[in-house]
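This report concerns only the one structure given below.
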Amino acid sequence: MSLKNTLNEHVKDAMRAGDKDRLGVLRLITAAIKQREVDELTPEQRAAGIDDAMVLATLEKMIKQRKESIVQFEAGKRPELAAKEQAEIDIIKAYLPAQLSDAEVDALVAAAIAEVGAASVKDMGKVMGLMKTRAAGKADMAAVGAKVKAKLGG
């Protein structure tokens, strides 16, 4: 079952259970996915459906937005709003795949650098393009970028 279908089933489950907080977050997720479909896919692609990679990218974007909001709420001395955003992050993270360990990320980075034949920071784009397909949703891509840059001497 695709991630989108799983989310839709969980929306129904949350409705049946009367879990308003979870239902609200799941509805935000499905709305963001539908908006992305409308914005980025052609009608033919929409008919085929959105793939899990796009759903994962949407979830990661939502988490990033909430983390930024938490920083703003804490700066504005609104801990109750920061706690609400953190609760939403926890629900969203449940739909992300298991995160790779540092050792696994290091191994992927080394393999990608070798595969691309990268020799300097100029080749970072090629390596990151490969890493995006291999580690999307499984690792913090900012941290991956820092590791690639460090390995390439940047």
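Observations, loosely collected:
- Among residues of region 26-58, those that are of a type in the set (Gly, Ala, Ser) and more than 17 Å from the chain's Cα centre (by Cα), counted: 3
- Breaking point among (1) open to solvent by 60 Å² or more (accessible area, probe 1.4 Å); (2) part of a helix (DSSP H, G or I); (3) farther than 29 Å from Ala143 by Cβ; (4) without any contact (Cβ under 8 Å) to a residue 12 or more places away in the chain, for Arg27: (4)
- Neighbours by Cβ (under 8 Å, 6+ apart or cross-chain): first from region 60-82, without any contact (Cβ under 8 Å) to a residue 24 or more places away in the chain; second of a type in the set (D, E, K, R) and open to solvent by 50 Å² or more (accessible area, probe 1.4 Å): Ala82/Glu74
- Residue check for Ala110: loosely packed, with under 15 Cβ neighbours inside 10 Å and under 30 Å from Ile70 (Cα atoms): no
- Index of the failed condition, Ala83 passing every other in (1) small (Gly, Ala, Ser); (2) at pLDDT below 95; (3) open to solvent by 50 Å² or more (accessible area, probe 1.4 Å): (2)
- Scanning region 31-50 for residues that are touching a helix residue (DSSP H, G or I) at 6+ places or on another chain (Cβ under 6 Å), part of a helix (DSSP H, G or I) and open to solvent by less than 80 Å² (accessible area, probe 1.4 Å) yields Ala32, Ile33, Arg36, Glu37.
- Positions within region 61-76 being within 28 Å of Glu37 (Cβ to Cβ) and open to solvent by 60 Å² or more (accessible area, probe 1.4 Å), in sequence order: Lys61, Lys64, Gln65, Lys67, Glu68
The values are calculated or read from the model by the stated rules, or taken from the named source; none is laboratory data. Being a predicted model, the structure only gives us computed values, none of them experimental. Glycine also receives a Cβ, built like all others from the backbone with ideal geometry; neighbour counts cover every protein chain displayed. Please note that ligands, DNA and RNA were not included when accessible areas were found on the heavy atoms of the full protein model with its side chains. Shrake-Rupley method; radii C 1.70, N 1.55, O 1.52, S 1.80 Å.
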